[in-house]
Amino acid sequence: MNEAITDLLFAAGRGDAAAQNRLYPLLYDELHRCAHRQLRGAAGDTLSTTALVNETCLKLLGGATLDVSGRAHFMALAARAMRQVLIDSARRNGADKRGGFALKVTLDPNAVTAPDAAADVLALDQALTTLEQVDERAARVVQLHFFAGLPFAEIAELEGITVRTVMRDWQAARALLAGQLRQDALDGSRA
């Protein structure tokens, strides 16, 4: 399936209309699976899986043809777009009431979202932005795993690194992000 998507992306990029027609349902289905995993357990969020996919697609396409160099590039763009959509949604949800950000996230490698070990999605976004400045690859691993819901083996393939390296990046990123989130929580409780 991954090779088919990559081949179709290349053909669609060359202007093959038949490839485009076959590609979009595959990409939509893949994004739908990612969005479903992302929203699982996100209590109180007003985004449905379909709405998250549609907004992600709108953000990705933006009225223009999507120019990607392959599936890895597409998934990286999709993860970033899904992250932006979720952040925008969290901001809208919290705008009505101070402290009303109900979308929760986790850094648990076995669950994309879990209310019992959740941190605020906006705090995670800020911590991830800080991580991007320290370790870009580890931040991409988090983004691909957390926001696109990709398994570590697939991330390794997309990044051209070993699964072991992905796991090391994930472990380091989790530690850095958890420390940043704890510090943010302490700073917030002192304010």
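State the extension gain, in nm to one decimal, for the chain segment bounded by Ala51 and His32, taking 0.36 nm per residue of separation less the distance between their alpha-carbons. Please list the in-between numbers first.
Working: separation 19, 0.36 × 19 = 6.84 nm, distance 0.96 nm.
Working it through step by step, the gained length comes to 5.9 nm.
Just order 14-23, 30-39, 52-61 by mean Cβ neighbour count inside 10 Å, highest at the front, would you?
So the peptides 14-23, 30-39, 52-61, ranked by packing, come out 30-39, 52-61, 14-23.
Mind giving me the nanometre distance, one decimal, between the label points for Gln84 and Thr130, set 7 Å out from Cα along Cα→Cβ?
The two pseudo-label positions are separated by 2.4 nm.
Only the coordinates and a few stated rules stand behind these numbers; no lab work does. Everything numeric here is computed off the predicted structure, so don't read it as measured data. Here Cβ is always computed from backbone atoms with ideal geometry, including for glycine, and neighbour counts include all displayed protein chains.
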